[in-house]
Structures are given as structure tokens and as C-alpha cells.
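What follows is a short report on a single structure.
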Amino acid sequence: PSPPTSSSPPPFYKFIKMATGLAQGIEKGHKVTKIAQSRPGRKGRSQKRVKQCREIVREVVGLSPYERRILDMIATGGAAADKRIYKFAKRRLGSHKRAVQKREDIKAVSSAARAKKAAA
């Protein structure tokens, strides 16, 4: 490729058509310099501060009614408790992934409460 000139786009935007500055045509519009895009791999990861805030909120507010019901299902147990908990959570949350995650979260809450009770 030829070296970039003042009118050509930066090298990381070689596939994006640049505006001509004219009001007509395929590439119509005001000329602007494009800003480099941020890394999408970072999306969805939890930050330390957000995690801490959520822990504090959970501590202050406690569990929602359906979460308490799941906790009760864990406490009563039974052979098919995991499956029942999963089905209940899936109905409330809408997806398999969310239901499984919620089940594991509530199990962690339950085991932490049990450990706290045993230590006291």
C-alpha cells in the first residue's frame, strides 16, 4: 500500500469509506477524523468497584422473595432439588445460563450462611 496522504484515511480505517465533504454522492457528508475503537474483549467483565458495590447492596437489602424460595428449596433438599431449583429459576429469569448462575449464587449464599452459623 502507498503511504497515507493528508486526504486519505488513517491506516487502521482502510476499509471504511471517508466522507468527501460534499452534500451529494455515495460518500456525502462532513469530513471527520475517526477515533480508534476501544477493545471489545473488555466488555462484560466486572470491575472491582462494581463487584464491591453489589456485595454491599446484597448485604443491606438481602434476598428477593424468589431467591428466598430458592434458598428454602436448597434447605429442604431432596433428590431432585437441583432440577427443581433450576426449573423455578429458569421460569423467573428466562434463560438457561441465568438460571444456572442464579442457582450457583444462592448455593454460595447458603453455604456461607451455614459456615457462619457453624463458626458462631
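The values are calculated or read from the model by the stated rules, or taken from the named source; none is laboratory data. Since the structure is predicted, the reported quantities are computational estimates derived from the model, not experimental observations. Every residue, glycine as well, gets a Cβ built from its backbone with ideal geometry; the counts of neighbours run over all protein chains shown. The area values use the complete protein model at the heavy-atom level, side chains included, leaving out ligands, DNA and RNA. Shrake-Rupley method; radii C 1.70, N 1.55, O 1.52, S 1.80 Å.
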Over the stretch 41-113, what is the mean sequence separation of C-alpha contacts under 8 Å (at least six apart), divided by residue count, expressed as relative contact order in percent?
25 percent
Assuming 1.567 mPa s and 4 °C, estimate D for the stretch 34-95 with Stokes-Einstein, Rh taken as the Kirkwood radius over Cα pairs, in µm²/s.
87 µm²/s
At 1.4 Å probe size, with every protein chain present, just tell me what the per residue accessible area of the chain comes to in Å².
87 Å²
Please list, or write none, the lysines whose alpha carbon is within less than 21 Å of the alpha carbon of residue 48, excluding same-chain residues fewer than 8 places away.
102
In the P(r) worked out for the stretch 60-109, what percent of Cα pairs fall beyond 12 Å?
59 percent
Ellipsoid equivalent to the stretch 80-120 - semi-axes via the Cα gyration tensor, in Å:
25, 10, 6
Quick one: what does P(r) look like for the chain with 5 Å bins over all Cα pairs, in whole %?
2, 8, 12, 13, 11, 8, 5, 4, 5, 7, 8, 7, 5, 3, 1, 0
Count neighbours as other Cβ atoms within 10 Å of each site's Cβ, and list the trypsin sites (Lys or Arg not before Pro) in the stretch 22-73 that are DSSP loop with at most 14 such neighbours.
28, 31, 34, 43, 45
